[in-house]
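Undergrad: One structure, pasted below without further comment.
The values are calculated or read from the model by the stated rules, or taken from the named source; none is laboratory data. Quantities reported herein were computed from a predicted structural model and do not represent experimental measurements. Positions of Cβ are backbone-derived with ideal geometry, glycine not excepted, and every protein chain shown enters the neighbour counts. For accessibility, only protein heavy atoms count, side chains too; no ligands or nucleic acids. Shrake-Rupley method; radii C 1.70, N 1.55, O 1.52, S 1.80 Å.
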Amino acid sequence: MFVLANALPVQETSQRQSIYLDVLRDLLSSGRLDRTASLKTLADLRTSLRLADADHQSALEILTSEDPRLTSLSPEDLAGLNLCRNAAAQEIEDLLLLSGSTVLHLDRLDAYGRGRLNRIQIESGLDDDSWAQLLNEFGPGSQFSERQLSQRLQLVNQAMARRQSLAELSRRLPLAAPLVLSLDRQIARFLPDLVALIRSGLTAPGEQRPDEDCLALLRSLSPNVLACLASEDDTTTAITAWLDGIETKLARISPLPEATEVLEGLWLDTDPSVALWALMVLRQVDSRQAERLLQTPRTGLPSSKTLKGFLEGEQLASIEILAAIADQPLIQRLEPGALVGLDRLCNLRQWRQGDPVERPAGGVLILLAGSCEQRQSLVPGSAPKTIAEHGSGTIVGLADYFGEPKSGSQARLVASPDGCSALVFSRTGFGNLLDVSPIFEQSLIRELAISCESLQRSLQAERQQQQHQRMRRMSTES
């Protein structure tokens, strides 16, 4: 901590005093510094932090009020006490880990938890005052919970920096976009624990929101992160409530690491599909570094037949599909696991001008190139009319997939003069895709709502035109 304090950039006076206080507390409580020699020993640190001798005296007074033993016990006694406290603290942390909690609530412990806590106190040899002080450090609003919250915030901030680095890379190399979604999912995994820590710290009467730094971080989250939390209702509800109706600044993200550094880290991801994709992207960015990366084995990490084959020089089974969507918006909406297995979920088809574009019942088409026309008889027995034209990137069949498809109710699709190509999904295949692609699913629901609204307007306009024509004929006949 002493070295870190010297290396910190210039802070406000209160922050510099707080840093000094923490250093002094750490050194005295651990027995590594004698109180009588502390003024001289920390002279260089005060100079570095631009503090006066009076600040040292104030810090000693604050520490004495917190724990009088810091000035009454010898460094040797303090060192022994510190060892006992650290051992007991580690035992309490283990107890919290096993209970799945992040803060010690004595009134919520079961019989086993109370019994183990009692044994920890006996074995530690701590007096009642020391034990009570230690328990307070693990309680709501304690230094322990504050330290945990600070660590979680830093963890999320660093993950967001890695995400931003790859997001910038994806603007010039779309192949990197799926890894941005992988990092969104990683950030999402941190949030339930973070939200629980924030909630445990809202102890002041009437305190309903976290502080500005927490709100700024939550405001800076990508919408895709919340899409990955579809099953975490408590987490998303809390975040939405905290951010509702307020304006806050965006968080200051940690310095962005190099994209190659982020890719190297993803090579050691527990998901073999993410590791494969990271290696594939790194080969595009820096082929030499990619080759060096292969010297770093994924020892102890899960593998897959696809990853093993890829490392042995085999082409991906989905390579033809991946080549077709490389410049499509679709590649920015699917994660590596879904992309690598696309060949098992869909087929790549092409149609020439006038060809009927067939779609499986309840299935979905994702148009990649060209366009097709949607034709339907608006009046029974009349010639089919073009009611919509679907271009590249359009997803056809969402209404049938999310609804209940009926045989014969489907409008006829015909390839336009320039022909078209698409990914063809059966109902089951598309369902499997959505199961592993929550971000894609959320975007589809929004797209379906827009599509239904547009189609309704088109049909309404067509009916109004027909009604107007009938009225004109009736007026002419009369």
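Undergrad: For the modelled label position 7 Å from the Cα of Thr64 along Cα-to-Cβ, which residues of the range 18-32 have backbone nitrogen atoms closer than 20 Å?
TA: 18, 20-32
Undergrad: On C-alpha positions alone, give me the angle between the axis of helix 233-243 and the longest principal axis of the chain, in degrees, nearest 10.
TA: Roughly 80 degrees between the two axes.
Undergrad: Counting only Cα, what are the radius of gyration and maximum Cα-Cα distance Dmax of the range 182-270, in Å?
TA: My reading of the Cα-based Rg and Dmax gives 14.7, 47 Å.
Undergrad: Another question about this same structure. Once ligands and nucleic acids are excluded and a 1.4 Å probe is used, how much of Met160 is accessible, expressed in Å² to the nearest 10?
TA: The value for Met160 is about 20 Å².
Undergrad: Related question: If I compute solvent accessible area with a 1.4 Å probe over the protein chains, what percent of it on the range 114-272 is carbon and sulfur?
TA: On the way: 3750 of 8120 Å².
The value for the range 114-272 is 46 percent carbon and sulfur by accessible area.
Undergrad: Taking the square root of 5 times each eigenvalue of the Cα gyration tensor, what semi-axes in Å does the equivalent ellipsoid of the range 120-196 have, largest first?
TA: Here the semi-axes work out to 42, 10, 9 Å.
Undergrad: I need the calculated FRET efficiency for the pair Ser458 and Ser392, taking r as the beta carbon distance and R₀ as 25 Å, to the nearest 0.05.
TA: FRET efficiency, Ser458 to Ser392: 0.80.
Undergrad: Let me ask something else. Any idea what log10 I(q)/I(0) is at q = 0.19, 0.26 Å⁻¹ for the range 294-370, Debye with uniform C-alpha scatterers and no solvent?
TA: Per q value, in the given order, log10 I(q)/I(0) is -0.95, -1.37.
Undergrad: On to the next question. Hey, can you find the accessible area per residue of the chain for me, probe 1.4 Å, expressed in square angstrom?
TA: 56 Å²
Undergrad: Roughly to the nearest percent, how much of the accessible area of the range 273-347 is carbon and sulfur, given a 1.4 Å probe?
TA: On the way: 1820 of 4000 Å².
Carbon plus sulfur share of accessible area: 45 percent.
Undergrad: Then there's this: At 0.36 nm per residue, minus the direct Cα-Cα distance, what do Arg116 and Lys308 gain on full extension? Give it in nm, one decimal, please.
TA: Extending this stretch completely gives an extra 64.5 nm.
Undergrad: Counting each DSSP H run of 4 or more residues in the chain as -39500 (n - 2.57), what helix-only mean residue ellipticity at 222 nm follows after dividing by all residues, to the nearest 500 deg cm²/dmol?
TA: -19000 deg cm²/dmol
Undergrad: Longest span of the chain, sites excluded, free of trypsin sites (Lys or Arg not before Pro) in DSSP loop with at most 14 other C-beta atoms within 10 Å? Mind showing how you got there, number by number?
TA: Values: sites that count: Arg32, Arg50, Lys249, Arg252, Arg352, Lys406.
Longest site-free region, per DSSP loop and neighbour criteria: 51-248.
Undergrad: Full-extension gain between Asp53 and Glu123, please, as 0.36 nm times their residue separation minus the C-alpha to C-alpha distance.
TA: 21.1 nm
Undergrad: Work through the residues other than Gln464 whose Cβ is under 14 Å from its Cβ and net out their charges, Lys, Arg +1 and Asp, Glu -1. Walk me through the numbers on the way to the answer.
TA: Values: positive: Arg457, Arg463, Arg470, Arg472; negative: Glu462.
Surrounding charge for Gln464 is +3.
Undergrad: Evaluate the distance, in nm, between pseudo-label points positioned 7 Å from the Cα of Ala369 and of Gln208 along their respective Cα→Cβ axes.
TA: Distance between the two pseudo-spin positions: 5.6 nm.
Undergrad: Can you pull the percent of Cα pairs in the chain with separation above 42 Å? All intermediate terms of the calculation are to be shown ahead of the outcome.
TA: On the way: 46674 of 114003 pairs.
That fraction is 41 percent.
Undergrad: Taking R0 as 56 Å, what FRET efficiency do you get between Ser150 and Glu320 from their Cβ-Cβ distance, rounded to the nearest 0.05?
TA: After rounding to 0.05, the efficiency reads 0.70.
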